[in-house]
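Asks: Once you've had a glance at the structure underneath, I'll fire off some questions.
Computed from the coordinates by the stated procedures, all read-outs in this text should not be read as laboratory data. Since the structure is predicted, the reported quantities are computational estimates derived from the model, not experimental observations. Cβ placement follows ideal geometry from the backbone for every residue including glycine, while neighbour counts extend to all protein chains displayed.
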Amino acid sequence: MATIPQQDGPDNETVEHYRAASTAFLVVCRGITDWEAPGLGVWTVRSLAGHTNRSHTNVTRYLEAGPDPGAVPVDGPVGYFAAFWEPQPGRTISDDEEVADRGRQAGEALGREPLSVIERDRTEVLALLESTGLDAELRTPAGTMTLAGYLATRIFELTVHTMDMARATGQAMPTALAPVVPRVVRLAADLAVARGAGVVVAEALTGRGPLSDGFTVL
């Protein structure tokens, strides 16, 4: 796939935010002392880390594979997540059990030196982003989208799961997340609106009503 150098400008903020979220993830991984401890739901810390590391490896894999002309186009990060709410013909969407199993497999794939594998995968994807334009198209499980749009979903995943890992392992939230959190909150708000829960979330954020147990925008 042909690539073009990254240009300076507003769009480059997406790469910088991805790098920051990736850095925060790495910081928490370096603080892990027990990879087999409980992580999130059915996942151990290892499984959670393996699942989160897919936000490195999948970017690399999808870019190297290139777009699929016959795939369904996806309209940005909201469209990506929405594809998992209401599966459409032509999209390969996985259920929760499959996601959990892939997380376990990804954790096992980290092997005996999880941190070294994560560092390697991070280095590889960041190097690839240095020579790839954000308008490059790639195939994702939800359909074909631009690299900029897909990176926005990976920033979201890296940030949320880094928070999960920090909480599970008793670590402080990494300072590297500071510039990324506003972007994640904005996307979460957009997802709430897309799901028809905008008023509920607005009321909760302004102290006018609670969110129900288990509420999520995902």
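Asks: Please list, in chain and number order, the residues 5+ apart from THR140 or on another chain whose amide H is under 5 Å from its amide H, with Hs placed from the backbone.
Replies: Here MET145 satisfy the definition.
Asks: What are the ³J(HN,Hα) couplings of the range 159-172, residue after residue, when phi is run through the Karplus curve with 6.51, -1.76, 1.60 and θ = phi - 60°? Round to Hz, x for glycine and proline.
Replies: 5, 4, 6, 5, 4, 4, 5, 4, 5, 5, 9, x, 9, 6
Asks: Follow-up question, since we're still on this one. On full extension of the chain, what length is gained from LEU218 through ALA202, given 0.36 nm per residue of separation minus the C-alpha to C-alpha distance? The partial results should precede the final answer.
Replies: On the way: separation 16, 0.36 × 16 = 5.76 nm, distance 1.67 nm.
Full extension from LEU218 to ALA202 adds 4.1 nm.
Asks: Further question on the same structure: Please identify every one of the chymotrypsin sites (Phe, Trp or Tyr not before Pro) in the range 145-218 that sits in a loop by DSSP and has no more than 15 other beta carbons within 10 Å of its own beta carbon. Mind dumping the intermediate values first?
Replies: On the way: sites: TYR150, PHE156, PHE215; in loops: PHE215.
Filter output for the range 145-218: PHE215.
Asks: Apply the Karplus curve 6.51 cos²θ - 1.76 cosθ + 1.60, θ = phi - 60°, to the phi angles in the range 119-124 and return the couplings in whole Hz, x for Gly and Pro.
Replies: Ordered by residue, 3J(HN,Hα) equals 4, 4, 5, 5, 4, 5 Hz.
Asks: Report, to two decimal places, the Cα Rg of the chain normalised by 2.2 N^0.38 Å (N = number of residues).
Replies: Values: Rg = 17.3 Å, N = 218, 2.2 N^0.38 = 17.0 Å.
Compared with the compact-globule rule of thumb, the chain sits at 1.01.
Asks: Can I ask one more? Give the share of C-alpha pairs in each 10 angstrom bin for the range 118-180, from 0 to the last occupied bin, in whole percents, shortest bins first.
Replies: Spelled out per bin, shortest first, that is 17, 42, 32, 9.
Asks: May I pose another question? Given H placed 1.01 Å from N in the peptide plane, which residues other than close sequence neighbours of THR44 have an amide H under 5 Å from its amide H?
Replies: HN-HN under 5 Å from THR44: GLY39.
Asks: Nearest 500 deg cm²/dmol is fine: what mean residue ellipticity at 222 nm does the chain get from its DSSP H runs of n ≥ 4 alone, each adding -39,500 (n - 2.57), divided by its residue count? Walk me through the numbers before you get to the answer.
Replies: Working: 8 runs with 125 residues, N = 218.
Mean residue ellipticity at 222 nm (helix-derived): -19000 deg cm²/dmol.
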